[in-house]
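Here, each number is a calculation from the coordinates, and none is a lab measurement. Please read these numbers as outputs of a predicted model, since none were measured by experiment. A quick note on method: Cβ atoms are made from the backbone with ideal geometry, for glycine too, and the neighbour counts reach across all protein chains shown.
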Amino acid sequence: MPLVAHTDLPTFQRLREEGEEIVDAERAKHQDIREMHIGLLNMMPDSALEATERQFFRLVGACNQIVQFHIHPFTIEGLKRSPEAQAHIDKYYESFEKIKQDGLDALIISGANVTRASLPEEDFWLPLTEVFSWARENVASVLCSCLATHAVIEYRYGIARTRLPAKRWGVFAHKVIDRNHPLVAEINTRFDVPHSRFNEIFQSDMEAKGLKVLAASAKAGVHLAVSEDGFRTVFFQGHPEYDDISLLKEYKREVMRFYRGELDDYPPFPENYFNKVVRAILGEYEQHVRTVRQTDQTLQKFPEHLVLEHLDNTWRDTAKAVFNNWLGKIYQLTDQDRRLPFMEGVDPDNPLGF
């Protein structure tokens, strides 16, 4: 913190209303604080576009209090957009050409929805690999989330993700594997992370290519790993950026898909997320939905308002700590000129000096 509202992006006002500290650009000019410029390549679908902005902005904004964080959202070709989402992008997002011209200290790449059998077949594949190739040469560290992790690992290391027998969906306990790595310094050695995916890259495959696994779950697999240099690329398979209601929103979406006949089976509960009270409420709603599908009754509203108070966020503190460690290291390694990936004397192939 502080996040600097250097544009009129609505996310800044939304975060202000939630109590986040946002500094306007004019005030920021009068603070003798170093700026850091973080890119956010937002590839999420329209329904999650602005929510993803807020989630990652919050995590960055919770970091070092003596840095001004300027976040630069942008996107790429190959992602279908509604007119409303495209208007938002056109008004508030920067172009990749401007990003390349101005430079970045760090880059976050979000997940995305897929429509093809393999990632290289996706329309966004070539634009995404262009961004990553540029970032590898010009940005100190790139943090990849979920689908971005799978895409970048396949592009750089040739490991194709594996389709799971069932969706990995819920909140899972993880343990720190390498307690000496700076990214996991001073965080809980055991912590929760939400996952929501149909595919996985396994720990053995990562380690065979020299990636360093920092945190993993016995049930959900690897959550946090880094490239062989220890820092230049950070991989998340989970979703530490999720809000407490994110999995509920996904569950609601799947219920509505079942109601419309798009799914044959009613969705299961995300694991380790709903307590007994919520399970009872949503179990009753399931019976209602099944009945409505077979009759002419009117579908009642999804009982979101009845369950919100029962949802717990058991991952946010650890997520903030990892982001703080990540950006803190970037602060130590980078020059004030954001067009340079590192300050003089830092070895790009071994930036942490391992």
field: Within the chain, percent of DSSP bridges classed antiparallel, to nearest 5
entry: 45 percent
message: With unit charges on the beta carbons (Lys and Arg positive, Asp and Glu negative) and the dipole taken about the Cα centre of region 246-310, which residue among Val278, Thr295, Leu306 sits farthest to the positive side?
response: Leu306
query: Quick one: helix 276-294 against the long Cα principal axis of the chain, what's the angle to the nearest 10°, folded into 0 to 90?
result: 60 degrees
- prompt: Taking the mean number of other Cβ atoms within 10 Å as a proxy for protection, how do you rank 248-258, 149-159, 214-224 from highest to lowest?
  reply: 214-224, 149-159, 248-258
task: Determine, for Leu311, Leu126, Leu3, Leu79, the number of other Cβ atoms within 10 Å of each Cβ, and report the residues in order from fewest to most.
output: Leu126, Leu311, Leu79, Leu3
Extension reserve of the Asp8-Glu130 stretch, reckoned as 0.36 nm per residue once the Cα distance is removed: 41.1 nm
message: I'd like the Karplus ³J(HN,Hα) series for region 314-325: coefficients 6.51, -1.76, 1.60, θ = phi - 60°, whole numbers in Hz, and an x wherever there's a Gly or Pro.
response: 10, 10, 5, 4, 5, 4, 4, 5, 5, 5, 5, 5
- line: Which residues qualify? For Ala5, with a placed amide H closer than 5 Å and at least 5 residues away or on another chain, they are Val23, Asp24, Ala25
- line: Heads up, region 147-197 by the C-alpha gyration tensor (a ≥ b ≥ c square roots of eigenvalues; a/c under 1.5 rounded, else a/b over b/c prolate, else oblate) looks oblate
- prompt: When the label point is put 7 Å from the Cα of Asp265 along its Cα-to-beta-carbon vector, which residues of region 191-209 have a backbone N closer than 18 Å?
  reply: 196-200
message: For the pair Thr162/Ser95, report the inter-label distance in nm, with labels modelled 7 Å from Cα in the Cβ direction.
response: 4.4 nm
field: region 181-288 - charge dipole about Cα centre, Lys and Arg +1 at Cβ, Asp and Glu -1, debye rounded to 20
entry: 80 debye
field: Where a label projected 7 Å from the Cα of Thr298 along Cα→Cβ would reach, residues of region 244-258 with amide N under 20 Å
entry: 256
- request: Work out how much length Asp102 to Tyr155 would gain on full extension: take 0.36 nm times their residue separation and subtract the Cα-Cα distance, in nm to one decimal.
  value: 16.5 nm
query: Most exposed first by the Cβ proxy, i.e. fewest other Cβ within 10 Å, how do His239, His310 rank?
result: His310, His239
task: Using the Karplus curve 6.51 cos²θ - 1.76 cosθ + 1.60 with θ = phi - 60°, work out ³J(HN,Hα) for each residue of region 39-55 in order, rounded to whole Hz, and write x for Gly and Pro.
output: x, 10, 7, 9, 9, 5, x, 3, 5, 10, 4, 6, 4, 5, 3, 4, 4
- request: Round to a whole angstrom and tell me the spacing of the C-alpha centers of region 245-274 and region 148-182.
  value: 23 Å
FRET E, pair His310, Phe354, Förster distance 30 Å, beta-carbon r, rounded to 0.05: 0.10
query: Which order do Phe191, Phe202 fall in if you start with the one that has the fewest other Cβ atoms within 10 Å?
result: Phe202, Phe191
message: Students often forget the sequence filter, so: which lysines lie under 25 Å Cα-Cα from Lys100 once same-chain residues fewer than 8 apart are removed?
response: Lys29, Lys80, Lys91, Lys329
message: How much length would be gained if the chain were fully extended between Ile245 and Glu84, taking 0.36 nm per residue of separation minus their Cα-Cα distance, in nm to one decimal?
response: 55.6 nm
query: What list of ³J(HN,Hα) couplings, whole Hz, do you get for region 172-185 from phi and the Karplus terms 6.51, -1.76, 1.60, once you set θ to phi - 60° and write x for glycine and proline?
result: 10, 7, 10, 10, 6, 9, 10, 6, 8, 6, x, 5, 10, 5
task: Please label the shape of region 246-310 as rounded, prolate or oblate, based on the square roots a ≥ b ≥ c of the eigenvalues of the alpha-carbon gyration tensor (a/c under 1.5 means rounded; beyond that, a/b larger than b/c means prolate, else oblate).
output: prolate
- prompt: Taking R0 as 56 Å, what's the FRET efficiency between Glu344 and Glu121 from their Cβ-Cβ distance, rounded to 0.05?
  reply: 0.85
message: Just to confirm the number: angle between the C-alpha axis of helix 147-157 and the first principal axis of the chain, 0 to 90 degrees, nearest 10?
response: 50 degrees
